[in-house]
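The values are calculated or read from the model by the stated rules, or taken from the named source; none is laboratory data. All of these numbers come straight from a predicted model, not from anything done at the bench. Here the Cβ is made from the backbone with ideal geometry for all residues, glycine too, and neighbour counts use every protein chain on show. The area values use the complete protein model at the heavy-atom level, side chains included, leaving out ligands, DNA and RNA. Shrake-Rupley method; radii C 1.70, N 1.55, O 1.52, S 1.80 Å.
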Amino acid sequence: MSNNEQKQQTGRDMAYHWADEAAAKIIREKGEKELYTCASGITPSGTVHIGNFREIISVDLVVRALRDMGKKVRFIYSWDDYDVFRKVPKNMPRQEELQSHLRFPITMVPDPWERDSSYARHHEVDVETMLPAVGIFPEYLYQAERYQASRYAKGIRRALEHRDTLKNILDKFRDEDHKIQGEWWPISVFCGACNKDETDIDGWDGEWGVSYHCNACGRKETADICSAKNIKLGWRVDWPMRWEHEQVDFEPAGKDHHSQGGSFDTARHVCKDVYNWDAPVTFRYDFIGTKGLPGKMSSSSGNVITIEDVLKVYTPDVARYLFAGTRPNTEFTISFDLDVIKIYEDYDKTERIAWKLEPAKDEAAYRRERRIYELSQAAVGADSKTLPLEDRASPYQIPFRHLCNLIQIADGDIEKALAEVCAKAAAAAPTPEQLSALRTRAVCAKYWVENCAPEEFCFRLRPAGEQAELAEAEITALRLLRDDVIARIETFADDKPCAEAIYAVAEKAGLEGKALFRAAYQALVGKDQGPRLASFLRSIDKERLLNILKGY
Ligand SMILES: [Zn+2]
């Protein structure tokens, strides 16, 4: 389909975004279908970190792109919670108790926080409660439950029937030294007595019976694939079996799975040769780094950063923007340091371009920015399509940097800071919807100032009566600033004439501009520097300013 045809069909101009390209590729390769299935998944064997989140949101963006093309989509998220507990992550409490459950399925490991029914469930709940905040609503599939309900009995039997084919496929990608030695089975069994997977398969009866013995407790039994609750496929067979089972059309995978001869390669062959289904369309997504983590975050989590952590500093829309604005196969870094301000500025610029409040370089740049903006919005529209711009509240931008200053001026009181914004609004005050968006941003700004911002960014206004030690010439200049500028601060239409008036004061006092600034910051916040003075003075309540300066 050409761009024009697509535009006519959907009313939207696609293919300006990588998610639209991926969606178009799915339709091209899988053909026109009633329903497209897009999949993502992970083993909840530890904290689900921001790198794992990249996969979830990559799928979400493609799902939205397909829906915007008018397609019906099933978005499944597989919790691979029938996997074995191999290793206790360092950032978990009650290490010893967890150690004693190694080799159990992770759904049978107790939750060390005693909040949920199991260790696996705890990590699942953490993610499931956060995803709606970023506008992601997959259908969760729980693999332990599905295996134990014998949903995959046929798939397991098929793997046993094709045991040699499977072995050849896996061996094809291995060098001589790593080829499978001795007897090999595509399944593993959790012992029916002690629950550990330290078992060896003794045989298969050619139908539904599998016999095994346990090396840990000595149990020997023959299990029935149709009813047993403890047999599962090995990972490299399990994945492609489920592609066929769920008829998956699209699933991306991390760098580690997408290496030559990696699990995606073998799964592709297994899927085709054993399960007679074409592997899903895929792409590779790259790793994510973090930068400038606040001490609190890195110590509590052992540097494992989750989407919940990211949402402390970035609003849901801006968090989505980080991913929507970057191609999945590019590595990038999520910053918690001063770069946070830059990210918000970039987002605001994209927003202004999307709303045509600022011209884009050219038409293509406009469409690209607008599409990134649409896909960044956590709120979804009808039929889970992206919410058209027309259906959204128009933006009411307060730059993140400025908001941080307003919150500090209000001594950390967000409502007071927002009331100030409304009171000082030059044109129209924000609508309730705009105010709610501002509040979300303000909560992030407050967290950032209090936990992540560099020291030079932070300040506290002096209480009235607390004086700085200043030289006579500085005090004279400060008085002029108070009586010539602050006394008529409300008459300045914006920062520029106010800044000019400040420089005029410096000249009148015979002081360098820099020296006047230093004196003003010392008097106001007890530091040599602070936010840009004109904007700063105009942001503080006039009476409060006069009270701080009245003693000079
Ligand atoms: Zn056992």
**OP:** Kindly indicate the residue of segment 43-59 that is among the β-branched types (Val, Ile, Thr) and under 15 Å from the mean Cα position of the chain (by Cα) and also farthest from Pro328 (Cα to Cα) among those meeting that condition.
**Re:** Thr47
**OP:** Take segment 389-415 and flag every residue that is of a type in the set (Gly, Ala, Ser) and either surrounded by 19 or more Cβ atoms within 10 Å (Cβ to Cβ) or modelled with pLDDT under 95 (or both).
**Re:** Ala393, Ser394, Ala410
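Take segment 375-425 and flag every residue that is of a type in the set (Gly, Ala, Ser) and in contact (Cβ under 8 Å) with a residue 60 or more places away in the chain.
Looking only at segment 375-425, we keep the residues that are of a type in the set (Gly, Ala, Ser), and these are 376, 378-379, 381-382, 384, 393-394, 410, 412, 417, 419, 423, 425.
Hits for segment 375-425 are Ala378, Ala379, Ser384.
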Subject >> Residue in segment 188-200 that is near the ligand (Cβ under 10 Å from one of its atoms), without any contact (Cβ under 8 Å) to a residue 40 or more places away in the chain, on the phi < 0 side of the Ramachandran plot and open to solvent by 50 Å² or more (accessible area, probe 1.4 Å) present >> reply: yes
**OP:** Please state which of the following conditions Cys217 fails to meet, knowing it meets all the rest: (1) among the hydrophobic types (A, V, I, L, M, F, W, C); (2) within 16 Å of the ligand (Cβ to nearest atom); (3) open to solvent by less than 20 Å² (accessible area, probe 1.4 Å).
**Re:** (3)
**OP:** Among the residues of segment 158-210, write down those that are closer than 26 Å to Gly262 by Cα and basic (Lys, Arg).
**Re:** Arg158, Arg163, Lys167, Lys172, Arg174, Lys179
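Please find, among Gly209, Gly182, the residue that is more than 16 Å from the ligand (Cβ to nearest atom) and open to solvent by less than 30 Å² (accessible area, probe 1.4 Å). Give the derivation first.
Values: Gly182 fails: open to solvent by less than 30 Å² (accessible area, probe 1.4 Å).
Among Gly209, Gly182, only Gly209 is more than 16 Å from the ligand (Cβ to nearest atom) and open to solvent by less than 30 Å² (accessible area, probe 1.4 Å).
Kindly indicate the residue of segment 353-388 that is over 15 Å from Arg64 (Cβ atoms) and within 23 Å of the chain's Cα centre (by Cα) and also least open to solvent (accessible area, probe 1.4 Å) among those meeting that condition.
Applying the filter and picking the extreme gives Ala354.
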Original post:
Name the residues in segment 164-179 that are open to solvent by 70 Å² or more (accessible area, probe 1.4 Å) and charged (D, E, K, R), would you?
Top reply: Asp164, Lys172, Arg174, Asp175, Glu176, Asp177
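Kindly indicate which of Gly234, Gly192, Gly261, Gly203 is touching a strand residue (DSSP E or B) at 6+ places or on another chain (Cβ under 7 Å) and more than 30 Å from Ser100 (Cβ to Cβ).
Details: Gly234 fails: more than 30 Å from Ser100 (Cβ to Cβ); Gly192 fails: more than 30 Å from Ser100 (Cβ to Cβ); Gly261 fails: touching a strand residue (DSSP E or B) at 6+ places or on another chain (Cβ under 7 Å).
Exactly one residue qualifies, and that residue is Gly203.
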**OP:** Please note which helices (runs of 4 or more DSSP H) are completely contained in segment 1-96 and include at least 1 residues that are modelled with pLDDT of 95 or more.
**Re:** 18-30, 50-68
Original post:
Name the residues in segment 31-47 that are open to solvent by 20 Å² or more (accessible area, probe 1.4 Å) and out of contact with any Phe, Trp or Tyr (no Cβ under 7 Å at 6 or more places or on another chain), would you?
Top reply: Gly31, Glu32, Lys33, Glu34, Leu35, Ile42, Thr43, Thr47
